[in-house]
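Can you keep this structure in mind? I'll have questions shortly.
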Amino acid sequence: MSGNGITKLEFNYQGFNEMRTSPEVEAALEKLAQRAVDVAEGVAGEGAEFEYSKYVGLTRVRFTLHASNRAAKKAEAEDKALTQGFGAIQGG
């Protein structure tokens, strides 16, 4: 620490990226994605199907969720079923 009270921080990008692509983070995100799909399907009712897909890149794991049939698309348009699924995993 210098005399002016400022501390220089160095960001560990390699460690951060290793964490973001770790099996533990991937499992936690998959659990959240499945919860969002379950909530969306519960809101939408019978016949509506939502699903998620996973992408593993060099620096992160990403899940995307979408309506996979016409009933699910209608449920999102009219009732915000998938939006409510996202809200459930965000605590809202």
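The values are calculated or read from the model by the stated rules, or taken from the named source; none is laboratory data. Keep in mind the model is a prediction, meaning the values are calculated, not measured. Quick reminder, even Gly has a Cβ in these numbers, built from the backbone with ideal geometry, and neighbours come from all protein chains shown.
Which one of these does Ser53 not meet: (1) over 12 Å from the mean Cα position of the chain (by Cα); (2) surrounded by fewer than 16 Cβ atoms within 10 Å (Cβ to Cβ)?
Among (1) over 12 Å from the mean Cα position of the chain (by Cα); (2) surrounded by fewer than 16 Cβ atoms within 10 Å (Cβ to Cβ), Ser53 violates only (1).
Let me ask you something else. Tell me yes or no: at least one residue of region 34-45 is over 14 Å from the mean Cα position of the chain (by Cα) and at pLDDT below 95.
Within region 34-45 (the criterion being over 14 Å from the mean Cα position of the chain (by Cα) and at pLDDT below 95), the answer is yes, since at least one residue qualifies.
Moving to a separate point now. Here are Ala27, Ala44, Ala36, Ala48: which of them is among the small types (Gly, Ala, Ser) and without any contact (Cβ under 8 Å) to a residue 12 or more places away in the chain?
Ala27
Could you pull out the residue among Ala67, Ala81, Ala27 that is surrounded by 14 or more Cβ atoms within 10 Å (Cβ to Cβ) and out of contact with any Lys or Arg (no Cβ under 6 Å at 6 or more places or on another chain)?
Checking each option against the conditions leaves just Ala81.
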